[in-house]
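Enquirer: Can you read through this structure? Questions will come right after.
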Amino acid sequence: MRKLKLGSRSARSASALAVGILMVTGLSATSASASSSSANASPELGVRFYPDGDGQCDGPTNPPERWFSASDWSTPIRLDTDNRAGGCQLSFGLYDPSNSLAGLSATYTWEAEPGSDDTQCENGGPKTIPINSSFRTFADPIRVDTDGRAGWCNLTFALSGRSDIILEVQWYGDDGGDAKGQCKNTRPKNTWQTVSDGHPVKVGDDTDGRAGGCYLSLRLNRQF
């Protein structure tokens, strides 16, 4: 009768089984680590901003989509639409992999000031900012094309459903430009207005042929 030798089929099978167990154990540990990282990830605010004409939309337009962790300011974008061809496309989104924004509703509304030429405020109306836990996405864009036509457009941010989450808004004009005339409801640079549950913030854009433009920067934050 033949004896079992070291290195036989049975020994090799036992070795393969041990390697398989180690591989599965390592994969499980990696998956658990990734899941834990996602569960603790900070929400992000997204800004999509790009021109559809002649250089009236300054700031980080390449790439046009940028995401910013909660408590960080978004990179300022500059609106300076006038009689040059085209305008600016602008939209926002919220990415929430840890579901820490559960219950929050966020919107922005683009509409003409009463008595204004509303053809400057295209793709207007209220837009719900998507709050997605699986992937980054944006609401429908608004189109900014204010110029020498009468009046201006208002952009209103609103939150509801959570009293502890706020959105801070910086809206200011160029130094030396006609900031008060072109940028309605401004605050000095590095100061801001706060959007909270039931307390919206409205800013107005009336950029035209006058000197200067308007800057917008946002920050998602928690109110303690």
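We did not get these values from a lab; they are worked out from the coordinates using the rules stated. If you're wondering where the values come from, they're calculated on a predicted model, not measured in any experiment. FYI the Cβ positions are ideal-geometry reconstructions off the backbone, even for glycines, and counts take in every protein chain you see.
Enquirer: Could you tell me which of rounded, prolate or oblate describes segment 149-205, using a ≥ b ≥ c as the square roots of the eigenvalues of the alpha-carbon gyration tensor, with rounded for a/c under 1.5 and, failing that, prolate when a/b is larger than b/c and oblate otherwise?
Expert: It is oblate, given that a/c is not under 1.5 and a/b is not larger than b/c.
Enquirer: Going by the alpha-carbon gyration tensor, a ≥ b ≥ c the square roots of its eigenvalues, is segment 66-171 rounded (a/c under 1.5) or, if a/c is not under 1.5, prolate (a/b greater than b/c) versus oblate?
Expert: The shape class here is prolate.
Enquirer: Let me ask something else about it. In segment 101-224, if the dipole is taken from +1 on Lys/Arg beta carbons and -1 on Asp/Glu beta carbons about the Cα centre, which of Ile165, Asn185, Ser217 is farthest to the positive end?
Expert: Ile165
Enquirer: How high is the relative contact order of segment 50-143, given as a whole-number percent (alpha carbon pairs under 8 Å, six or more residues apart)?
Expert: Here the relative contact order equals 29 percent.
Enquirer: Tell me, in nm to one decimal, what length is gained between Glu122 and Arg210 on full extension, where the rule is 0.36 nm per residue of separation less the Cα-Cα distance?
Expert: 29.5 nm
Enquirer: With a Förster radius of 22 Å, plug the Cβ-Cβ distance of Arg222 and Ser105 into 1/(1 + (r/R0)^6) and report the FRET value to the nearest 0.05.
Expert: Using R0 = 22 Å, I get an efficiency of 0.85.
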